[in-house]
Amino acid sequence: MLTVLQHRKRFSDLSEMEVLALAISSEEDDAQIYRNWAEFLRRDYEATAAIFDGMAAEEDEHRRRLIELFRARFGEVIPVIRREHVAGYYNRRPAWMMQTMSLEAIRDESALMEHDAAEFYTRAAQVSTDAATRKLLGDLAAAERGHESTAEELRAEHLGGAKREEEDAIRHREFVLTWVQPGLAGLMDGSVSTLAPIFATAFATQDPWTTFLVGLAASIGAGISMGFTEAASDDGVVSGRGSPIKRGIASGVMTTLGGLGHALPYLIPHFWTATAIALVVVFVELWAIAWIQQRWMQTPFWRAVLQVVVGGGLVLAAGILIGSG
């Protein structure tokens, strides 16, 4: 690693020929990135894929013009110089990272790519003492800003009202299937399934610390179990439910939080105070779950209340009765 860093040149040390060669290779890389994104998005986001096809074509055109300029000034042999060879030059994300990026994140990344390139060339032009190099860098900055304008034009052309609404609906569905649904299932499981052991322990021992330890163990254990179950149950390829890792994280974390909500009050050393607060927390949790079901899963509110609040109330009553007996 140190050897690679030692052999990197500063941008200010590059000759005009090297700057032009670097610009050519950068345009080639960016065009390929846009094509990768277009291919990745084409199945579900055809309109956005068309945007990146158009931006790749723009990068190809700029690369062609840069090569023509290079031939006119320096001949046919273009030096091999890339971003990683220049200290302080802007970087691009590896291609495999797009697999974990949302649609909006990819759109934002494309805008940032053009902005970074324009800003870098502008700053480099300001510190350059050679008039020809300064002009070249300024031209490159203007070209990159032109790319930003082109991106906005392509966005307006391909993402009209109907297309944008269609893609937003797909993105919303993916968000619900990947994060909301497994997270809600985890929250329900953590909130409801831990009620019986926590309140049975509470009323059997009337010891807040013991109750808290049981609640902590039940919550973390349930979270680990739900997380691994969700991640292993469906790889998301056929169902379209998204990354199993993301779903496992959502389910596991929310399961743990659902149980901890009514376990944490038992850190209070006074039993009845802790129990009263825990019961209030349970009430809030169950109504929150009903609201989430109505808001994100389009479940009629009163049916959600019947499923969650009434069901949770029965589990809570069972725990209290068992503990009291």
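The values are calculated or read from the model by the stated rules, or taken from the named source; none is laboratory data. None of the values given here were measured: they were computed from a predicted structure. No Cβ is skipped: glycine too gets one built from the backbone with ideal geometry, and neighbour counts run over all protein chains shown.
Matching residues to (1) outside any helix (DSSP H, G or I); (2) at pLDDT 80 or above; (3) in contact with a Lys or Arg (Cβ under 6 Å, 6 or more places away or on another chain):
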site	(1), (2), (3)
Asp30	no, yes, no
Glu76	yes, yes, no
Tyr90	yes, no, no
Arg93	yes, no, no
Ser110	no, no, no
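If I filter the range 268-276 for residues that are surrounded by fewer than 16 Cβ atoms within 10 Å (Cβ to Cβ), in the same structural domain as Val310 (by TED's automatic domain parsing) and in a loop (DSSP other than H, G, I, E, B), do I get at least one hit? Yes: the range 268-276 contains one or more residues that are surrounded by fewer than 16 Cβ atoms within 10 Å (Cβ to Cβ), in the same structural domain as Val310 (by TED's automatic domain parsing) and in a loop (DSSP other than H, G, I, E, B). When the residues of the range 280-303 are filtered to those that are in a helix (DSSP H, G or I) and farther than 20 Å from Gly261 by Cα, the one that is nearest to the chain's Cα centre (by Cα) is Trp296.
Of all the listed residues (Leu195, Leu159), the sole one being modelled with pLDDT of 75 or more, hydrophobic (A, V, I, L, M, F, W, C) and over 18 Å from the mean Cα position of the chain (by Cα) is Leu195. Of everything in the range 51-69 that is within 22 Å of His115 (Cβ to Cβ) and hydrophobic (A, V, I, L, M, F, W, C), the residue that is surrounded by the fewest Cβ atoms within 10 Å (Cβ to Cβ) is Ala57. Out of curiosity, is Gly325 modelled with pLDDT under 80, out of contact with any Cys (no Cβ under 7 Å at 6 or more places or on another chain) and farther than 12 Å from Met188 by Cα? So Gly325 fits the description; yes.
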